[in-house]
Amino acid sequence: MKYLSGWILLWLALPVQAALEYDLQAEQVARNTWFVEGKTEDFSQENGGNIVNTAFIVTAEGVIVLDTGVSKRYGEALRQLIESTTDQPMRLIINTHQHPDHFLGNQAFADVPIAALEQTREQIRRNGDAFAENMYRLVGDWMRGTDVVVPSQTLTPGIIDIGGHRLEWLALSGHSGADLVLFDHTTGVLFPFDMVFYQRALTTPHTPGLMQWHQELEQLRAIPFTLMLPGHGPRVEDGRALDQMQAYLEWLDRVLTDAAEQGLSMTETMALPIPATFDSIALRRAEFERTVFHLYPDYEQAVFEP
Amino acid sequence: MNQQRWRLCASLCGAGLLALLIFPKAQAAQPPDPLNSVMWDYTRNIFIGDADYRFSQAIKVDVPAFAEDPTQVPITIDARAFQGRIQRMVVWADLNPIQHIFNYYPSAGASPKVSLRIKVQQSTAVRAAVLTHAGEWHVGYANLDAAGGGCTTPSMGNADPYWQSHLGEVKARRFATDTGEGARYKFRVIHPMDTGLVDAIPEFYLQQVHLKSPEGETVVRMELSPPVAENPVITFDLTDDRKGYSLWLRDNGGNEFEQAL
């Protein structure tokens, strides 16, 4: 009987434990460059928040890790994955912007310098705990033991050479107020991070403005990349992701402007149709509703002014 | 004697229980809550008492799929199916610490559709109960999913003294309605709408809103409670398309504000 109940307990416990493995895969997408692609879903108890793309570059002077994921558990899985891919030591960890799915894995890399833009460090210091709390609510036990680790270093935009890679860091702001973009001149890979969402609707909680974001994407068009790894969604070798981003941003700006001009309420605006052109974009309805929450009050305010 | 009384009591209770089991259908005018909210009987009793009521999908309660910002959750109540028959509409959220949101009294010339933003403390049922002139209650409803905290978060205004010098400032505009008939008015007023549930900040909120015709008659009257979001933005529809309307507001501090629309 004792054994039987033991087996039952074990059997009950197994599926739960199995479900809390991130099962990250690294795909080599260019020389020394590895892409860890997340799902184009919303945060859930099922996916554990693995909805973000991370990446790493194995240079001759050590590994550069680009974002650490959503939880301590994700960070640990990512570190294991990197260590099973290369013998190079960790050189530098980057947090590309303030959103929780990009820095809450920092604990797994606490022994390595972690760098971010000055404003991003400030934002993580200020909002990090609230973000982490929200993630616990959204994905539950996957977050166990996760604490905020504020990036220890400030990253200055510009070009640096590390271990045979010429890396150019750009500071933009369209997505979250301080958004890092990386262009690796050596491999031709452009890492726009969350400045570009592809086939997954963009998020707007901290955007300084849709058209500002749109304009900054023009700067990315000028970069002679051969491969782009978006912050969310699949990799792409041409300007398609930029086309989709700009078309969607333009539509958002226009639909919110028109709705405000017509005097629509927020709930009426949320129910407006989304053009079929955007049918391939995951989560478009849910993210459109969120965007109305974030931005419509300002559009409404603008039409009150005489 | 005592035993007899006990028996009498027991049989009466038994009969009562039996009646409850056998005659639930006799209570058809008090149907069970389609949203299964634990607070339904309690809040219903507060706002409509023991009166008979029916649930009605004809009263549309539009809420977002999720309350992204629990301090500014948009809702639209569309009771145009009851146009001209409404004595009063009461709107509340079952699981808010302050359940009542607003009362709405339309008179001839009003089109009973109203939009505003509210605070929610957690996921909750939102109700819009319409009392007709014939004395019937019709209850519209929707479930609102939220993470919460909207009622116990300090108003943004408390971190920024802007409201103190702009209190009651109204910005408004007249629009065409979605049906092309009548007129729509949307206005925003600067007010902290403090709930009194935040440390050492007493409740301070707009209580009365009157939309007045060019003749000075009140066409729509609303009574607000603190769960109406800070710096309220309210949209009214009228069947009357004349110009010359005005807005009159009063808060619980006795401040009155008036603005031509």
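Bear in mind these aren't lab numbers, they're just calculated from the coordinates by the rules spelled out. Since we're looking at a predicted model, the values are computed, not measured. Cβ coordinates were reconstructed from backbone atoms using ideal geometry, including for glycine residues, and neighbour counts include every protein chain displayed.
Relative contact order of chain A, taken over Cα pairs closer than 8 Å and 6 or more residues apart, is 14 percent. Over chain B, Cα pairs under 8 Å with separation of 6+ residues give a relative contact order of 18 percent.
Residues A:Trp169, A:Trp34, ranked from the fewest to the most other C-beta atoms within 10 Å, line up as A:Trp169, A:Trp34.
Farthest toward the dipole's positive end in the protein assembly as shown, which of B:Pro106, A:Phe293, A:Gly177, given Cβ charges of +1 (Lys, Arg) and -1 (Asp, Glu) about the Cα centre? Working it through, the farthest residue towards the positive pole turns out to be B:Pro106.
Dipole magnitude for chain B: computed about the Cα centre from +1 point charges on Lys and Arg Cβ and -1 point charges on Asp and Glu Cβ, it is near 680 debye. Counting neighbouring Cβ atoms within 10 Å and putting the fewest first, the residues A:Trp213, A:Trp251 line up as A:Trp251, A:Trp213. For chain B, the longest principal axis of the Cα atoms and the long axis of helix B:2-22 meet at an angle of about 60 degrees. Under 5 Å between amide hydrogens, built in the peptide plane, is the criterion, and for A:Arg200 it picks out A:Ala282 among residues at least 5 positions away or on other chains. Here the Gaussian network model covers chain A, with springs between Cα atoms less than 10 Å apart; of A:Ile114, A:Ile82, A:Ile162, A:Ile162 fluctuates the most. Note on chain A: GNM, Cα springs under 10 Å; of A:Ala110, A:Ala276, A:Ala178, the largest mean-square fluctuation is that of A:Ala276. Dividing the helix sum by the residues of chain B, where each DSSP H run of 4 or more adds -39500 (n - 2.57), gives a mean residue ellipticity at 222 nm of -4000 deg cm²/dmol. Take every pair of alpha-carbon atoms less than 8 Å apart whose residues are at least six positions apart; their mean separation over the length of segment A:152-302 yields a relative contact order of 21 percent. Rounded to the nearest 20 debye, the dipole magnitude of chain A is 780 debye, with +1 charges on Lys and Arg beta carbons, -1 on Asp and Glu beta carbons, and the Cα centre as origin. Amide H contacts for B:Ala125 (H built 1.01 Å from N in the peptide plane; partners 5 or more residues away or on another chain; cut-off under 5 Å): B:Asp94, B:Leu95, B:Leu144. Cβ-Cβ distance of A:Thr226 and A:Thr154, R₀ of 41 Å, FRET efficiency by 1/(1 + (r/R0)^6): the value works out to about 0.85.
Among A:Glu46, A:Glu118, A:Glu76, the order by Cβ neighbours within 10 angstrom, fewest to most, reads A:Glu46, A:Glu118, A:Glu76. Net charge of the neighbourhood of B:Ala67, taken over other residues with C-beta under 11 Å away and scored Lys/Arg +1, Asp/Glu -1, is -1. Find the lysine pairs in chain B meeting two conditions, Cα atoms under 23 Å apart and a separation of 8 or more places or different chains, and report how many there are. So the count works out to 15.
Placing unit charges on each Cβ (+1 for Lys and Arg, -1 for Asp and Glu) gives the protein assembly as shown a dipole about its Cα centre, and among A:Pro273, A:Ala201, B:Leu206 the Cα reaching farthest toward its positive end belongs to B:Leu206. Using only side-chain charges placed at the Cβ, +1 for Lys and Arg and -1 for Asp and Glu, the dipole size of the protein assembly as shown relative to its Cα centre rounds to 1780 debye.
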